[in-house]
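Student: Please read through the structure below; I'll follow up with questions.
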Amino acid sequence: MQTEINLRVDGTDRQVTVDTRTTLLDALRERLANTSPKKGCDHGQCGACTVLLNGRRVLSCLVLAVTAGGKDVVTANGLAPDGELHPVQQAFLDNDAFQCGYCTPGQVCSAVGALDEFRRGWPSHHGDTELTRAEVAERMSGNLCRCGAYTNIVTAVQQAARA
Amino acid sequence: MRAFDYQVPADALAAMRAVAGNDSAVFLAGGTNLVDHLKLGLTHPDLVVDITGVTSDEVVERDGGLWIGAAVRNSDLAADPRVCERYPMLSEALLSGASGQLRNMATAGGNPLQRTRCGYFQDNTTPCNKRRPGSGCAAVGGHARYQGILGTSEHCVATHPSDMAVALSALDAVVHVLGPDGERTIPFTELHRLPGDEPSRDTVLHHGDLITAIELPDTPIARRSRYRKVRDRASYAFALVSVAAAVDVTDGVVRDVRIALGGVAHKPWRAYLAEEALRGQAAIEDNFREAAAAELVDARAVDGMDGGNAFKIPLVTRTVVSVLRGLTQENQ
Amino acid sequence: MNAVGQDMVRRDGPAKVTGTATYAYEAEVDNAAYCHLILSTIARGQVTDVDVSAALALPGVLTVLTPGNVEKLAPTDDAELAVLQDGEVAYRGQIVGAVVAETSEIARHAAELVHFTYHVDEHDSIFTTDRDDLYRPKAINPGLEPDTSIGNVGEAVRSAHLTVAETYSTPMVHHSPMEPHATTALWQDDSLVLWESTQSVHSVRTDIAGLFSLDAEAVRVICPYVGGGFGAKGSPHGNVVIAVMAARALPGRPIRLALTRQQMFAIVGYRTPTIQETTVAADRDGRFTALAMAAYGQTSRIKEFVEQTAAPTRMMYAAPNRATSHRIAALDVAVPTYMRAPGECPGMFGPEVAVDELADALGIDPIELRVRNEPEVDPETGKPFSSRNLIACLREGAERFGWADRVAGARDGDWLIGTGVAASVFPAFTLRTTANIRFDHNRYTVELGAADLGTGAWTVLTQIAADALGVPVEQVDVRIGDSAYPFASVAGGSSGTATWGSAILTAADTFRDKYGDDPADGDEAENTFIGTGFEGGPYATYAFGAQFAEVRVHADTGEIRVPRLLGVFAAGRIINPRTARSQFVGGMTMGLSMALHEHSVLDPRFGHVINHDLAEYHIASCSDATDVAAHWIEEDDPHVNRLGAKGIGEIGIVGTAAAIVNAAHHATGIRVRHLPLTLDKLLAGLP
Ligand SMILES: Cc1cc2nc3c(=O)[nH]c(=O)nc-3n(C[C@H](O)[C@H](O)[C@H](O)COP(=O)(O)OP(=O)(O)OC[C@H]3O[C@@H](n4cnc5c(N)ncnc54)[C@H](O)[C@@H]3O)c2cc1C
Ligand code: SF4
Ligand code: FES
Ligand code: FES
């Protein structure tokens, strides 16, 4: 079943025809040629596909695109309008918080979402009230990195939190 | 995944009718389990009915307790100050589950209805009585690490994966359901089934039954409660074993106690036997251990080529003791 | 000013943090079609019939590839690549078909509709050491002798003061790069373009050209970015052959093919499970009198790959009596392959735990015990080491880690605390590579078919080229990841930077010889660096390291955490400390992951891995590895190669698991000899 939906992607209104089965991730990658969000598992198990949907971090591989009609989607690319890096992106660059880069756009979106959640006072499983290393790590644990950049990711997110 | 129609109903009644009237229709809430299963080919609906807009997405006060709309996202529920203060075990259970992104998507109605993570269930090419009744249970003698030890049957030894549900079970929550015959309530502890000879059914719900809300009764004991999850990875992993507990100790004696276990059974396991063994007893470690043992008298390990899951039996005891020790030490 | 040694930020960094770096599946093409693989659901037998009618009837399906209907490939001795050439099924999860359709949703749906009928044969996928069909391979990876023996181990053990003779094991594990293997393939005007996620564009080109009987010039392989490989993308697997078949079936139509995560556990290789019968005998002073390992592994019935598990036992420590052997079982299972530090990674687990056991039994500090057994020369070949700074790594690590303060029985609340150490090693070698340098508009363009898997090649090769040419990095453009550039060796064996860098030095010499310091626009030079090959030269060339772990074990539940991991390495010249640190730390983090989590559960009843996704196959999460630190010893090794660089990509994963297991023993008194180290193995021994 084909349906037409409107999405606001990285600040631009886009109209796209999708199959009801199409995930938001595939709509972005295969229909709109926005390959910033990555597909690492397609089942919610890695975080590579993380985008901000109406401001919240979600896994776009588990969102059916039809349910996102009319919503606002921000990918890592959209966080850097005109090439000006977002503080989280700059912190990732400064701290070499990635290697192959495949998990990175998802990590970046997740960090932006996580810092926002922290500022709103949302608790975490770890339970520190400050962004200690363990606290950041828990909040970022939904994003796997096989290159093992975690140590630097934690440092980068701490840096971005101070920015 | 075959093609399906997608519908956004106007209200809960329309949603319920859309699904109840079509054997091949399903509800879609946060989608974190349903979309996963669509891709795995575990469910093949003709119609997907989006219910995120038809039930409440708010937590409201009622009769001294809280009513949680089925559409409340797990992260909002975990962060709700009333939940954190009055039912900390629920907030902790939610926060120990999945990841930040998934909790932003998952709903209060969908979470308890997620299905087992048994690897054979999720792999269409292997025998599984839950997925294909009568095909056998491949988990026995196979990958048994995450399987159950309580209430299993020869037909299925799977565990229920939800953390939230363990807390809801300990809290005597009540599920509000809208079905073809109208509204009804189900005690949360009776929502999920044991596998018996019909493992394909996870819950007592019928096709078309829509969870509209979950009610938390006023439960003073829960103000000092805890959810402890033991898992293989430090985060973003399902429980090997988990314990939700609340305890009221006065003068060194357990006046009241709530214990529920996760990772051990086809349903969140309310440990009534352990609770009973503890009530009126001195709040000391030996009694905690005996209470756990009382609950585990009928525990049975599953053999597996991965070494099986016999370790879960001592692990439950140790975790229960650990949690109760922690709670009672704080109590004093 | 030298660029080499500078802390230069990754050149590809901005593209990666914004997600604009394009990986294989994301190649910019118009009107792509989508291909979905179908894998066998039996472990051995034949496909006797395929019913494609329902799939073909689905609107949007373009073609279905099956064993009956694909083009004949040229004969190959790599059975993994001979896909769909007949109906034989040699392992569960082997490719038996593929669907191409207008959208990925349709392709996937149609794949479910293709119906296979099989003749099923009995299969055998059980790996044990008591099989009677274990055999001695002719050679082990990468061409080494399977067995070695010096002196008499048995006799030495009989007269030893103390002997540790134990069996250790490491489970089957999967590389699991975050980017699943992917291809975009376009067949047009009798030529083929492949955007492929690979560690070697040239080997993909050679293999594909050979299989399809094409001129190498007719095949171009492009791969600017790779989302991790770790060996799984070291040589092509069946998926790329299917992508090419699909592209040739639909000329002019770009085909996109990505594996699902589940398929990643079936057809792109894994590390064999290993069983390591390890013997370390010592005299009263802790001097080793014998060292031996009998190693066992598995391979696939259709293709042999033998992990060189006992190789590091041959060179790590001095001992007059020594022996190693490799025996393997050829099973109805998928084909294993090299994975980050093949040989050394699994093969340093048993011995480094055994040394710790011996230290414990002798009452000698485990660092001191290693120092006492430092060899003068490579104990089996007699070659001198080009440089060997293991002791310096151990000492420096001990200092930084606070080793002297370790106390047995430490406890912090509910957590039992222990520390552990283990040594690391990885061979250094170089391969053949050609580089081309061109001058234009006051800029130098350096081209070679190298690959950046996250290793930093884009950046470090720029630094090397800038120094080689004596110009600032701003004046240099390095171009890699395209078979249109000169031949470069695989990004593997930790040989990339040293090899490609040496080729750039060689080409720069040629360029300067030809054109001097003031070249004209269009001046261009190319040269080839030959490399040492796996055999090496007159020296034994290895990087060494020492790993230190702090482990906490929950006294009630047995949960295991590694709050601190520290490595010190001696790996020759470090070209870029920033990217080098990430390589070391990344390897150590993967080692931590191996220690605590990784285990592909192959169910022999079915023949495939049951926990074949990232929720059930755990790799370390951010919370598992919050403090992993790497340092290095300045090492000036004039013998290893002109750059003085040894490899750094793999050594970080070597020894980590042993250090963690040793620390867990220190914390609990419980010795775990079989990975992964999970709480069920500790519960019974906890207080
Ligand atoms: C990688 C991963 C890790 C995870 N880890 C954890 C974990 O550690 N702990 C944990 O508890 N969970 C975990 N989860 C599971 C997650 O919490 C559940 O998938 C989620 O809570 C389901 O909620 P949902 O709203 O997304 O449900 P959906 O996927 O939308 O629906 C699930 C099922 O419930 C039905 N349904 C939904 N809402 C209603 C309703 N109101 N009435 C009737 N039927 C309804 C749907 O039809 C469907 O059958 C994990 C998931 C993933 C993918
Ligand atoms: S345990 Fe249950 S879900 Fe798992 S294979 Fe057996 S029947 Fe299926
Ligand atoms: S691709 Fe969505 S979580 Fe992995
Ligand atoms: S940078 Fe490679 S997976 Fe994270």
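The values are calculated or read from the model by the stated rules, or taken from the named source; none is laboratory data. Just so it is clear, the model here is predicted, and its values are computed rather than measured. For neighbour counting, all protein chains shown are included, and Cβ atoms are generated from backbone atoms with ideal geometry for every residue, glycine included.
Student: Could you check region A:65-85 and list, in sequence order, the residues that are in contact (Cβ under 8 Å) with a residue 40 or more places away in the chain, more than 7 Å from every other protein chain (Cβ to nearest Cβ) and crowded, with 21+ Cβ neighbours inside 10 Å?
Tutor: A:ALA65, A:ALA68, A:VAL73, A:VAL74, A:GLY78
Student: Before we move on, is C:PHE429 in contact with a Pro (Cβ under 7 Å, 6 or more places away or on another chain) and among the aromatic types (Phe, Trp, Tyr)? Show your work before the answer.
Tutor: On the way: in contact with a Pro (Cβ under 7 Å, 6 or more places away or on another chain): no; among the aromatic types (Phe, Trp, Tyr): yes.
Here the answer is no, as C:PHE429 does not meet what is asked.
Student: Could you count how many residues in region C:24-38 are surrounded by fewer than 24 Cβ atoms within 10 Å (Cβ to Cβ), away from chain A (no Cβ under 11 Å) and either within 11 Å of C:THR183 (Cα to Cα) or free of Cβ contacts under 8 Å to residues at least 12 places away in the same chain (or both)?
Tutor: Final tally of qualifying residues: 0.
Student: Quick one: in region A:28-48, of everything that is more than 25 Å from B:PHE238 (Cα to Cα) and free of Cβ contacts under 8 Å to residues at least 40 places away in the same chain, which residue is nearest to ligand 4 (Cβ to nearest atom)?
Tutor: In this case the residue turns out to be A:THR35.
Student: For region A:26-38: of the residues being touching a strand residue (DSSP E or B) at 6+ places or on another chain (Cβ under 7 Å) and of a type outside the set (A, V, I, L, M), which is farthest from ligand 2 (Cβ to nearest atom)?
Tutor: This residue is A:ASN34.
Student: Quick check on this structure: which one of B:ALA222, B:ALA283, B:ALA265, B:ALA277 is in contact (Cβ under 8 Å) with a residue 12 or more places away in the chain and under 20 Å from C:ASP556 (Cα atoms)?
Tutor: Values: B:ALA222 fails: under 20 Å from C:ASP556 (Cα atoms); B:ALA265 fails: under 20 Å from C:ASP556 (Cα atoms); B:ALA277 fails: under 20 Å from C:ASP556 (Cα atoms).
Result: B:ALA283 is the single residue among B:ALA222, B:ALA283, B:ALA265, B:ALA277 that is in contact (Cβ under 8 Å) with a residue 12 or more places away in the chain and under 20 Å from C:ASP556 (Cα atoms).
Student: May I ask you to list the residues in region C:616-628 that are more than 7 Å from chain B (Cβ to nearest Cβ), assigned to a loop (DSSP other than H, G, I, E, B) and not charged (D, E, K, R)?
Tutor: Correct list: C:TYR617, C:ILE619, C:ALA620, C:ALA625, C:THR626.
Student: Additional query: Taking B:ARG117 as meeting all but one of (1) basic (Lys, Arg); (2) away from ligand 2 (no atom under 16 Å from the Cβ); (3) surrounded by fewer than 24 Cβ atoms within 10 Å (Cβ to Cβ), write down the number of the exception.
Tutor: Answer for B:ARG117: the failing condition is (2).
Student: So C:GLY492 ticks every box in (1) part of a loop (DSSP other than H, G, I, E, B); (2) closer than 17 Å to C:ASP467 by Cβ; (3) in contact (Cβ under 8 Å) with a residue 60 or more places away in the chain but one. Which box is left unticked?
Tutor: (2)
Student: Also, I was wondering about something else. Testing B:ARG193 on (1) more than 14 Å from chain C (Cβ to nearest Cβ); (2) touching a Gly at 6+ places or on another chain (Cβ under 6 Å), one condition comes back false. Which one is that?
Tutor: The failed condition is (2).
Student: Now for a different question. Which members of region B:143-160 meet the condition of being near ligand 2 (Cβ under 8 Å from one of its atoms) and either surrounded by fewer than 23 Cβ atoms within 10 Å (Cβ to Cβ) or within 13 Å of chain C (Cβ to nearest Cβ) (or both)?
Tutor: Once the filter is applied, which keeps residues that are near ligand 2 (Cβ under 8 Å from one of its atoms) and either surrounded by fewer than 23 Cβ atoms within 10 Å (Cβ to Cβ) or within 13 Å of chain C (Cβ to nearest Cβ) (or both), region B:143-160 yields B:GLN147, B:HIS155.
Student: Looking at A:PRO105 and the list (1) buried (at least 24 other Cβ atoms within 10 Å of the Cβ); (2) in a loop (DSSP other than H, G, I, E, B), which single condition is not satisfied?
Tutor: The failed condition is (2).
Student: Taking only pairs six or more apart or across chains, which ones have beta-carbon atoms under 7 Å, a first residue in region B:60-88 that is without any contact (Cβ under 8 Å) to a residue 60 or more places away in the chain, and a second residue that is surrounded by fewer than 21 Cβ atoms within 10 Å (Cβ to Cβ) and among the acidic types (Asp, Glu)?
Tutor: Cβ pairs passing all conditions: B:ALA71/B:ASP57; B:VAL72/B:ASP57; B:VAL72/B:GLU58.
Student: Let me ask something else. Restricting attention to region B:101-148, report how many residues are polar (S, T, N, Q) and away from ligand 1 (no atom under 12 Å from the Cβ). Explain how you work it out, then say what you get.
Tutor: Restricting attention to region B:101-148, the residues satisfying the condition of being polar (S, T, N, Q) are B:101, B:104, B:107, B:111, B:114, B:116, B:122, B:124-126, B:129, B:135, B:147.
Subset that is away from ligand 1 (no atom under 12 Å from the Cβ): B:124-126, B:129, B:135, B:147.
Qualifying residue count, region B:101-148: 6.
Student: Search region B:49-92 for residues being in contact with a Lys or Arg (Cβ under 9 Å, 6 or more places away or on another chain) and farther than 21 Å from B:ALA222 by Cβ, and hand back the single one that is surrounded by the fewest Cβ atoms within 10 Å (Cβ to Cβ).
Tutor: Per the criteria, the residue is B:ASP57.
Student: Give me the residue from region B:194-224 that is acidic (Asp, Glu) and farther than 23 Å from B:ALA93 by Cα and, out of that set, surrounded by the most Cβ atoms within 10 Å (Cβ to Cβ). I'd like the intermediate steps shown before the answer.
Tutor: Initial filter on region B:194-224 (acidic (Asp, Glu)): B:197-198, B:202, B:209, B:215, B:218.
Filter again for farther than 23 Å from B:ALA93 by Cα, leaving B:197-198, B:209.
On the way: B:ASP197: 10, B:GLU198: 14, B:ASP209: 21.
Selected residue: B:ASP209.
Student: So which pairs qualify, if the first residue must be in region A:135-151 and over 13 Å from C:PRO177 (Cα atoms) and small (Gly, Ala, Ser), the second must be within 16 Å of ligand 1 (Cβ to nearest atom) and in a helix (DSSP H, G or I), the Cβ gap must be under 7 Å, and the two must be at least 6 apart or on different chains?
Tutor: A:ALA137/C:CYS622; A:ALA137/C:SER623; A:SER141/C:CYS622; A:SER141/C:SER623; A:GLY142/A:SER110; A:GLY142/B:GLY100; A:GLY142/B:GLN101; A:GLY142/B:LEU102
Student: Among the candidates A:ALA33, A:ALA68, single out the residue that is within 16 Å of ligand 3 (Cβ to nearest atom) and not assigned by TED's automatic domain parsing to the domain that holds A:THR155.
Tutor: Numbers: A:ALA33 fails: within 16 Å of ligand 3 (Cβ to nearest atom).
Checking each option against the conditions leaves just A:ALA68.
Student: Quick check: anything in region A:67-90 within 16 Å of ligand 1 (Cβ to nearest atom), at pLDDT 95 or above and assigned to a helix (DSSP H, G or I)?
Tutor: At the first step, the residues of region A:67-90 found to be within 16 Å of ligand 1 (Cβ to nearest atom) are A:67-68.
Next, only the ones that are at pLDDT 95 or above stay: A:67-68.
Now restrict to residues that are assigned to a helix (DSSP H, G or I): A:67-68.
Yes; the residues of region A:67-90 include at least one that is within 16 Å of ligand 1 (Cβ to nearest atom), at pLDDT 95 or above and assigned to a helix (DSSP H, G or I).
Student: Continuing with the same structure: Name, by its number, the condition in (1) in a helix (DSSP H, G or I); (2) touching a helix residue (DSSP H, G or I) at 6+ places or on another chain (Cβ under 6 Å); (3) at the interface with another protein chain (Cβ under 8 Å from one of its Cβ atoms) that does not hold for A:ALA134.
Tutor: All conditions are met except number (2).
Student: On to the next question. Looking only at region A:95-116, filter to residues that are within 8 Å of another protein chain (Cβ to nearest Cβ) and in contact (Cβ under 8 Å) with a residue 60 or more places away in the chain; which one of those is farthest from A:GLY40 (Cα to Cα)? Full working, then the answer.
Tutor: Residues of region A:95-116 that are within 8 Å of another protein chain (Cβ to nearest Cβ), as a first pass: A:96, A:98-105, A:108, A:110, A:113-114.
The next check asks that each one be in contact (Cβ under 8 Å) with a residue 60 or more places away in the chain; those that pass are A:102-103, A:105, A:110, A:113.
Working: A:TYR102: 8, A:CYS103: 8, A:PRO105: 12, A:SER110: 15, A:GLY113: 19 Å.
The residue in question is A:GLY113.
Student: Follow-up. Would region A:49-61 turn up any residue that is within 19 Å of C:GLY227 (Cα to Cα) and within 14 Å of ligand 4 (Cβ to nearest atom)?
Tutor: Yes, region A:49-61 contains at least one residue that is within 19 Å of C:GLY227 (Cα to Cα) and within 14 Å of ligand 4 (Cβ to nearest atom).
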